[in-house]
Amino acid sequence: MISSVGILITWLAFLNLLVILLINKKDLYQLLVRINLFLHFLLFCILEIALFLDDFSLNYIANYSASSTPPLYKFASLWGSLDGSILLWNLVLSFYFYLYIKIYKKNNELYDIKIFSLIIIFFNGFTIFSSSPFAGCIQLASVGCADFTLLPFQNLVESLSGRGPNPLLQNHPLMAIHPPMLYIGYVGLVLPFVIATSELINKNKNEEWIKIAEKSTYMPWVFLTAGISLGAAWSYEVLGWGGYWAWDPVENVSFIPWLLATAFLHSAKTQIKEFTLLNWNYALSCLMFLSVIFGTFITRSGVLISVHAFSNGNIGTYLIIGLTFFTLLFLIIGIKNIEYFQSSSKVTNFFGRTGFFVANNLLLAGSAIVVFIGTIYPLFYETIYSKQITIGRSFYDILVGPILLLLIYLMIFSTKITKNNLKITSWLEENYFEINLSIILSIIFTFFFRSSFKFAITVLGSILLVVIIGKNILNKAKKTKLQGSYWTGQIAHLGIGIFAIGLIMNVSQSYSSELIISSGDTIQFGNQEFNILNPNEVQKNEKNVINLPIQKNNTTKNASLNIFKNSTQQAISSPAVFRNVESDTYITIKVIDDNNFKLIFRKNYGIFIIWLGLAISSLSFISRLKR
Amino acid sequence: MKKNLLLVLFGISLIVFASIRIASSNTIYYYTTTEAIDNITEISSERIKLGGFVVSESVSKSSIDETNFEITDGNKTIKIVFDGFIPELFQDEMGVILDGYFENNIFYSDDMLVKHDNEYISEDGETYDVENYSK
């Protein structure tokens, strides 16, 4: 029943989109776009209802949910696997379509509507022709569903209980927030793509397009920043390895659009103010979205090994066709506009704002290329030598590290860049005290912690960034409200500076050790005493949890091992984390052997500071809100 | 215009070249047991990923630090000393990928990926598919 309704509404949405694509009535599409949003919202709700009703006649629910799954994770199961997550993707896409019509649509041409509807048709078509979360189950497996149909009104079979979501995905409430946030960020990058291609398709030399494209990129950037940060937090809280970023392919492909969007937010300003870098801006505004499709292809087609990779199907071919199509669209429109691009003013003053933004863009685009190559290199290697490899993280440390350091040094000057010149003398005079303070601080830190040149310049750059921008913001905040994109930038830069300090602390100071203990023991770790109490086992519907309470002073926290029932019976080791501003003590169970436990104690420095910095960057949008 | 384009292309190819050079020196290879034994002298100092199937009744635990077992690809067998978290799924004839290094023809590992079949694929020792592996 629900299966048929879902499939029919999917078709309805598809037909509605076709009408939007094919008709040329300007007064009608307003209504149709609203209908499109409504239908996709309806699909979302229907699948949520089916999840809560445990309708195991749906292939998706039989395979990725279970009756024993707690409500919050049932809700999150909608985006727990590929088919369902496309539903969320389409909903967000439809919402942006509606938003675009409402806020950004200024001209009377219909190219934007056509391109936008084409993009949604592409993703909606996937649920029609390839695999849909509403596909009905026609053949049972021992648990879950073995075969399904995409046709409505079939005789469906219903399994008794579902397989349940991937255990990793039902272990922390962040799972309910992180993917939607990320999707809102990802999918939002469709806006600059649509705006750039549709405005230039008719060689319509309306200079408004770059302003609108820049404006529309900002909110997706905020969500992308927040989404990636929450993903890092999730990894830290759930996976029990004590880290937050592994240069995993899926992390990489979220980082590439972020790098490009950050570059675009800067370079668009040069076009708005000085009419420079026209071709570059056009390329960036399209590449952001293309990199999103590419990322989806890499991670959802099963071509790469990754913790996030969903199982495949024919989505790979489907996505590569889409990627090729939209890339061709971007290239053809670009070639048609060569004359327009040639009218661009030349960058002449390399020490003014444009010069700084060019440098910033080269560095950001450079790191995007590096991350891109790191992600696809194993693919090419396997194709050529038919041997599987992975890239060690030292690859990224060697290449991306120095680029980010240079970016930090550029950001230090961002307080005083004017159109034509960096006012270096007044910058020096104003920040005389701060510069000296930073130098002294970094000498002290270098002396005490790690006497290497690399450490010293990284520390110096980060401290300079934080104190100089911090002072700039405080001075202004005393007098008036922080309004406008200059202050957005300043706050975002401050956040990155704080983040960098946390990162340095984390990378240079953290240590760990493995200890074999039994309950009743008292452990000394990092000048602190930890009492190991008696373990207990909790039987829940969906999992058994072995808790090992660990006591420090008067706080007790559990390091636990979650053993999930159903499906794959994976065990996940959840950490006990004793938090502090400067460092966390992060304890995970490695092995259990009767009453003996092997624990990993980690002293992780700077974690709180990393989150703080990322939060400040994400919240920078506040100064862009209108009063 | 043309000059700029050439400059950009040159820049991109420089980055690409540098990244590929560095990537190739930071590569972690996957080996099957046969490949590993055939190349054992070359790889004895490196950290590699070794894949194979757990030999039946070879698993024994000598201490909390050490689980011993053997893995095979159906052709050649390698002794494993494992110190790390053992996934619940781990059992005889299971496909595993181990991260570690060789010492005296014994493979020391502290990180294990177990093949988990979300798709309930039939037992198939011949096709060795790494794509469905997860921790």
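A few notes on this one:
- Taking the listed residues A:500, A:477, the one that is in a helix (DSSP H, G or I) and in contact with a Ser or Thr (Cβ under 8 Å, 6 or more places away or on another chain) is A:500, with no other qualifying.
- Subset tally (residues that are in a helix (DSSP H, G or I), among the aliphatic types (A, V, I, L, M) and modelled with pLDDT under 90) for the range A:92-127: 1
- Residue match in the range B:49-69 (condition: under 15 Å from the mean Cα position of the chain (by Cα), within 13 Å of chain A (Cβ to nearest Cβ) and not small (Gly, Ala, Ser)): yes
- Filtering the range A:65-87 to residues that are within 17 Å of residue A:130 (Cβ to Cβ) and buried (at least 21 other Cβ atoms within 10 Å of the Cβ) leaves A:82, A:83, A:84, A:86, A:87.
- Residue within the range A:405-425 that is more than 8 Å from chain B (Cβ to nearest Cβ), within 25 Å of residue A:504 (Cα to Cα) and under 20 Å from the mean Cα position of the chain (by Cα) present: no
- Test for residue A:59: is it at pLDDT below 95 and within 30 Å of the chain's Cα centre (by Cα): yes
- Checking the stated criteria, residue A:113 turns out to be buried (at least 23 other Cβ atoms within 10 Å of the Cβ), hydrophobic (A, V, I, L, M, F, W, C) and away from chain B (no Cβ under 14 Å).
- The residues of the range A:478-514 that are within 30 Å of residue A:549 (Cα to Cα), of a type outside the set (Gly, Ala, Ser), touching a Lys or Arg at 6+ places or on another chain (Cβ under 9 Å) and open to solvent by 50 Å² or more (accessible area, probe 1.4 Å), listed by number, are A:511, A:514.
- Of all residues making up the range B:1-37, the number that are more than 7 Å from chain A (Cβ to nearest Cβ) and within 18 Å of residue B:98 (Cα to Cα): 7
- Among the residues of the range A:46-55, those that are open to solvent by less than 40 Å² (accessible area, probe 1.4 Å) and within 13 Å of residue A:5 (Cβ to Cβ) comprise A:46, A:47, A:50, A:55.
- Residue match in the range A:606-619 (condition: crowded, with 18+ Cβ neighbours inside 10 Å, within 18 Å of residue A:557 (Cβ to Cβ) and touching a Gly at 6+ places or on another chain (Cβ under 9 Å)): yes
- Of residues in the range B:84-121 being part of a strand (DSSP E or B) and modelled with pLDDT under 75, the one nearest to the other protein chains (Cβ to nearest Cβ): B:114
- Some residue of the range A:437-458 being under 25 Å from residue A:617 (Cβ atoms), surrounded by fewer than 20 Cβ atoms within 10 Å (Cβ to Cβ), out of contact with any Pro (no Cβ under 8 Å at 6 or more places or on another chain) and among the polar types (S, T, N, Q): no
- Options A:391, A:384; residue that is open to solvent by 60 Å² or more (accessible area, probe 1.4 Å) and either more than 10 Å from chain B (Cβ to nearest Cβ) or in contact (Cβ under 8 Å) with a residue 60 or more places away in the chain (or both): A:384
- Residues of the range A:120-152 that are within 14 Å of another protein chain (Cβ to nearest Cβ) and open to solvent by less than 10 Å² (accessible area, probe 1.4 Å): A:137, A:144, A:145.
- Selection status of residue A:547, touching a residue at least 12 places away in the same chain (Cβ under 8 Å) and in a helix (DSSP H, G or I): no
- Tally, over the range B:18-68, of residues that are outside any strand (DSSP E or B) and touching a Gly at 6+ places or on another chain (Cβ under 8 Å): 5
- Those residues of the range A:411-436 which are in a helix (DSSP H, G or I) and either surrounded by 13 or more Cβ atoms within 10 Å (Cβ to Cβ) or of a type in the set (Lys, Arg) (or both), in sequence order: A:411, A:412, A:413, A:414, A:415, A:416, A:427, A:430, A:434, A:435
- Qualifying residue in the range A:323-341 (condition: at the interface with another protein chain (Cβ under 9 Å from one of its Cβ atoms), of a type in the set (Val, Ile, Thr) and either under 24 Å from the mean Cα position of the chain (by Cα) or in a helix (DSSP H, G or I) (or both)): yes
- Among the residues of the range B:69-83, those that are open to solvent by 40 Å² or more (accessible area, probe 1.4 Å) and either among the β-branched types (Val, Ile, Thr) or part of a strand (DSSP E or B) (or both) comprise B:70, B:77, B:79.
- Residue within the range A:563-580 that is farther than 30 Å from residue A:142 by Cα and either open to solvent by 50 Å² or more (accessible area, probe 1.4 Å) or modelled with pLDDT under 85 (or both) present: yes
- Filtered by the rule that a residue be away from chain B (no Cβ under 14 Å) and surrounded by fewer than 20 Cβ atoms within 10 Å (Cβ to Cβ), the range A:581-602 gives A:581, A:582.
- Scanning the range A:538-557 for residues that are of a type in the set (D, E, K, R) and modelled with pLDDT under 90 gives A:540, A:542, A:543.
The values are calculated or read from the model by the stated rules, or taken from the named source; none is laboratory data. Worth saying up front: this structure is predicted, and the values here are computed from it rather than measured. So basically every Cβ, Gly included, is an ideal-geometry build from the backbone, and we count neighbours across all protein chains shown. Surface areas here come from the heavy atoms of the whole protein model, side chains and all, with no ligands, DNA or RNA. Shrake-Rupley method; radii C 1.70, N 1.55, O 1.52, S 1.80 Å.
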